Amino acid sequence: MLKEIELSYSDKNEMLSVIKALANEARINILQLLDRGCLNVNEIAEALDLPVSTTALNIKILEEAGLVLTELQPGIRGSMKVSSKACSNIIINLNDSINTLSENCVYINMPIGNYSDCCILPSCGLVSEKGSIGRFDKPSSFYYPEKVNAQLLWFYNGYIEYKFPYEELKNKDINMLEISIEMCSEAPHYKNDWPSDITMWINDIEVGTWTSPGDFGGRRGRNNPQWWPDTINQYGLLKYWRIKENGTYINDVKLSDKKISDFNITNNDFISVKIGIKENAKNIGGISIFGKSFGDYPQDIIMKIEYAKK
């Protein structure tokens, strides 16, 4: 299963990178050729009647845009670089409603290490911007005080819960709640084809399930510190989980008919957000959550609340 790229105003650099990569007939021909399977640079150059140097440059541009994955594989005379397609679909979202500021909106930023509860099964781990927290594959590491500094965390099964403050909004008429978070699956090292059914709950009520296509690597995440190895997962996908008056959505794809009024938003001084894998999930492939110093998007978990004017 190849990944899906969604372009939006939230990351204009990514949008420009992908669009520029596609604005060339030779690069489009390379993508079309890779539909047949993995090929090395010489095979691609020969098939398209291009110089090897020109072909290599075009492959590099496609790699940087996340459209092609190149890996070293054993060859007759040592190892050789083999390229394959990394993306099956590109969605261009020109709706700026995600980032529109309004006097009727509240934004709450939650560092990914500031969770209130968790149930973790390995493989698992946490890292800060400077290094590891505790030991990898030890769930006890998720209880270290240093967890608050986490910028990337992952686990194969279980859940993690965050509690967002809400008391100041109790008298507001809430009409939309949104959680934006960069995330993907969790696999050994990384596997771009590694589906995982990730579910979100608000106040212990299920919002819906998103199937992450994989645990992404093959290029460095744009925000990763230099010490982070190339052989481990690098970035996720930025997903917007929304609860509206007419249903729940993820990136504008409807998940259910549950309404904002079904989630008991006004009953507590906090809003519980739980992210995990259901016991009966079809694809149990783990979760990786990226903070602002890892992955492609310089943000932690952001809750956006819209309320009606009075």
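Taking the DSSP beta bridges with both ends in the chain, the antiparallel portion is around 95 percent. Each residue, residue 257 and residue 204, gets one label point 7 Å from its Cα in the Cβ direction; the gap between the two is 2.6 nm. How many angstrom lie between the Cα centre of the range 241-290 and the Cα centre of the range 196-220? Here the answer is 10 Å between Cα centres.
When the helix-only estimate is applied to the chain (DSSP H runs of n ≥ 4, each -39,500 (n - 2.57), divided by the residue count), what is the mean residue ellipticity at 222 nm, nearest 500 deg cm²/dmol?
Working: 4 runs with 41 residues, N = 310.
Computed ellipticity for the chain at 222 nm equals -4000 deg cm²/dmol.
List, in the order given, every pair from 138/274; 85/274; 138/278 whose Cα-Cα distance in the structure shown is over 23 Å. Walk me through the intermediate numbers first.
Numbers: 138/274 21 Å; 85/274 33 Å; 138/278 21 Å.
Listed pairs above 23 Å: 85/274.
Here the relative contact order of the chain, from alpha carbon pairs under 8 Å that lie six or more residues apart, stands at 21 percent. Ordering 191-198, 203-210 by mean Cβ neighbour count within 10 Å, with the highest value first, yields 191-198, 203-210. Note on the chain: with a GNM built from Cα contacts shorter than 10 Å, the maximum mean-square fluctuation among 91, 275, 174 falls on 91.
Let me know the shape class of the range 184-310, please: from the alpha-carbon gyration tensor, a ≥ b ≥ c as square roots of the eigenvalues, rounded when a/c is under 1.5, otherwise prolate if a/b is greater than b/c, or oblate.
Numbers: a/c = 2.49, a/b = 1.69, b/c = 1.48.
Note, shape of the range 184-310 comes out prolate.
For residue 140, neighbours were defined as the other residues whose beta-carbon sits under 14 Å from its Cβ, and their charges (Lys and Arg +1, Asp and Glu -1) total +1.
Among residues other than residue 48 with Cβ under 12 Å from its Cβ, the summed charge is -3 (Lys and Arg +1, Asp and Glu -1).
Out of (i) 32, 23, 17; (ii) 28, 24, 18; (iii) 37, 23, 16, which label holds the value of semi-axes √(5λ) of the Cα gyration tensor in Å that was computed here? It is the value labelled (iii). The mean sequence separation of alpha-carbon pairs under 8 Å and at least six residues apart, normalised by the residue count of the range 3-90, gives a relative contact order of 37 percent. Could you tell me whether the range 3-90 comes out rounded, prolate or oblate from its Cα gyration tensor? Rule is a ≥ b ≥ c as square roots of the eigenvalues, rounded for a/c under 1.5, then prolate if a/b exceeds b/c, otherwise oblate. Prolate, since a/c reaches 1.5 and a/b exceeds b/c.
In the elastic network of the chain, a GNM with C-alpha springs shorter than 10 Å, the most mobile of 190, 144, 115 is 144.
Read-outs: derived from the displayed coordinates by stated rules, not from any lab. This is a predicted model, so every value here is computed, not measured. Virtual Cβ from ideal backbone geometry, glycine too; neighbours counted across all protein chains shown.
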